[in-house]
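Q: Sharing a structure below in structure tokens format, with a few things to ask.
The values are calculated or read from the model by the stated rules, or taken from the named source; none is laboratory data. Since we're looking at a predicted model, the values are computed, not measured. Glycine also receives a Cβ, built like all others from the backbone with ideal geometry; neighbour counts cover every protein chain displayed. For accessibility, only protein heavy atoms count, side chains too; no ligands or nucleic acids. Shrake-Rupley method; radii C 1.70, N 1.55, O 1.52, S 1.80 Å.
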Amino acid sequence: MSEITPDRRARINRLKKIIVISNFTILFIAILASIILLARVVSLSHQVDTLEAALVKERQSGEQKDADVTDHENVSQNDGENKADEAQKPTEEEDTEQPEETKTAAEIEAEYDRIAYLTFDDGPSENTQAILDILDRYNVKATFFVNGRDGSENEKRYRAIAERGNALGLHSYTHIFSDVYKSLDSFSSDTERIHDFLYDITGQDIKLYRFPGGSSTTKTTNMEQYIEYLNGNGYTYFDWNVSSGDAVEVQLPAEDIVNNVMNGVNGKDRAIVLMHDSSLKDTTVEALPVIIEKLLEGGYAVLPIADSTPPVHHTVN
Ligand code: ZN
């Protein structure tokens, strides 16, 4: 066994210390570098999301702009940011002078891989105005399946829904199940009543219909007859394939409404979303901007139901 002098031992200890410290230093630098890289990746992916959302929004606002807003006005509003876009546009626009509005609803729908149709039942209400303002803010349109409500305030609301480019649909005049679904006679007279009521106020011959409770409602055993009546009189009825769940309780938390909609929409190319326009449902209004933002970020166009929209039907009970 060789002798270890104190001097040598001290050197060995120093060496050990240096090795341990340098190992820790290397490890620390590696961890730090990983954290910095991770943060960078997260921030970049966030930027990509934001840019994507902005692109979708821009595309959609372009599609839906009224014809009286010219492209030149758009360009000046955007500080020339769209100059590249303009350059890419074929000159056919100038040749044919076709305003975007000449596109049919079917043509617009065909342009999108994914469409969400937001539908609001049971209005108009004290929340109609707020819903319309939010839709306008994002330059998207929805569908309102309305009931018959008297009064000049409500008349204004029906007109505002239509004038601001949203679709109006019938949802029965009274929404009282025992009246609407009493017999074929009462169903047809209720349907005519809400149809004519809205025709007088808006001048629109509305052929969209949504059954109170949906076509799968257990409140009647005569649904087949009512469907036959609608089909025979030129109406198209729409159920839904996504429920916001906002009717489950008086005020479902906005966060739950957002999650219900986004989970339901996920994986669907054509989502018809059930929501409610009711003075009691403030959380629906609260959830709406978040829902629209998430839909646009997810690449969805948010459009009103049109004649060309493929109906979604529940199974009749
Ligand atoms: Zn309803």
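Q: Looking only at segment 118-131, count every residue that is in contact (Cβ under 8 Å) with a residue 60 or more places away in the chain and away from the ligand (no atom under 16 Å from the Cβ) and tell me the total.
A: Adding up the residues that qualify gives 2.
Q: Name the pairs: first residue in segment 238-252 and within 13 Å of the ligand (Cβ to nearest atom), second residue open to solvent by 50 Å² or more (accessible area, probe 1.4 Å) and assigned to a loop (DSSP other than H, G, I, E, B), Cβ to Cβ under 6 Å, at least 6 apart or on different chains?
A: Matching pairs, first to second residue: Phe238/Pro311; Asp239/His313.
Q: Run down Ile134, Ile201, Ile115 and say which single residue is touching a Phe, Trp or Tyr at 6+ places or on another chain (Cβ under 6 Å) and more than 16 Å from the ligand (Cβ to nearest atom).
A: That would be Ile201, the only listed residue that is touching a Phe, Trp or Tyr at 6+ places or on another chain (Cβ under 6 Å) and more than 16 Å from the ligand (Cβ to nearest atom).
Q: Test Glu293 against the stated conditions and say whether it is of a type in the set (Asp, Glu) and without any contact (Cβ under 8 Å) to a residue 24 or more places away in the chain.
A: Against the criterion (of a type in the set (Asp, Glu) and without any contact (Cβ under 8 Å) to a residue 24 or more places away in the chain), Glu293 does not qualify.
Q: Of the residues in segment 204-221, how many are in contact with a strand residue (DSSP E or B) (Cβ under 7 Å, 6 or more places away or on another chain) and within 13 Å of the ligand (Cβ to nearest atom)?
A: Going through segment 204-221 one residue at a time, the tally reaches 4.
Q: Taking segment 271-317 on its own, how many of its residues are open to solvent by less than 30 Å² (accessible area, probe 1.4 Å) and over 17 Å from the mean Cα position of the chain (by Cα)?
A: Residues that pass the stated criteria total 2.
Q: I've got another one for you. Within segment 195-218, is there a residue that is over 26 Å from Asp150 (Cα atoms), open to solvent by 20 Å² or more (accessible area, probe 1.4 Å) and not basic (Lys, Arg)?
A: The answer is yes, given that some residue of segment 195-218 is over 26 Å from Asp150 (Cα atoms), open to solvent by 20 Å² or more (accessible area, probe 1.4 Å) and not basic (Lys, Arg).
Q: Now for a separate question. What pairs come out if I take residues in segment 154-174 that are part of a loop (DSSP other than H, G, I, E, B) and pair them with residues that are away from the ligand (no atom under 16 Å from the Cβ) and open to solvent by less than 20 Å² (accessible area, probe 1.4 Å) whose C-beta lies under 8 Å away, six or more apart or interchain?
A: From segment 154-174, the pairs are Arg164/Leu132; Arg164/Leu135; Asn166/Leu132; Asn166/Leu135.
Q: Give the number of residues within segment 236-255 that are open to solvent by 20 Å² or more (accessible area, probe 1.4 Å) and assigned to a loop (DSSP other than H, G, I, E, B).
A: 8
Q: Applying the selection to segment 135-169, what residues are polar (S, T, N, Q) and open to solvent by less than 40 Å² (accessible area, probe 1.4 Å)?
A: Of everything in segment 135-169, those that are polar (S, T, N, Q) and open to solvent by less than 40 Å² (accessible area, probe 1.4 Å) turn out to be Asn139, Thr143, Asn147, Asn154, Asn166.
Q: Moving on to the next point. Condition (residue is over 21 Å from the mean Cα position of the chain (by Cα) and open to solvent by less than 20 Å² (accessible area, probe 1.4 Å)) applied to segment 126-134: is it met by at least one residue?
A: Looking through segment 126-134, none of the residues is over 21 Å from the mean Cα position of the chain (by Cα) and open to solvent by less than 20 Å² (accessible area, probe 1.4 Å).
Q: Do we find that Leu184 is of a type in the set (A, V, I, L, M), loosely packed, with under 14 Cβ neighbours inside 10 Å and either within 19 Å of Leu118 (Cα to Cα) or free of Cβ contacts under 8 Å to residues at least 60 places away in the same chain (or both) in this structure?
A: yes
Q: Specify which of the listed residues (Arg149, Arg193) is farther than 27 Å from Leu296 by Cα, within 14 Å of the ligand (Cβ to nearest atom), at pLDDT 95 or above and of a type in the set (Lys, Arg).
A: After applying the criteria, what remains is Arg149.
Q: Only one of Asn222, Asn266 is surrounded by fewer than 17 Cβ atoms within 10 Å (Cβ to Cβ) and closer than 24 Å to His195 by Cα; which?
A: Just a single option satisfies the conditions, and that option is Asn222.
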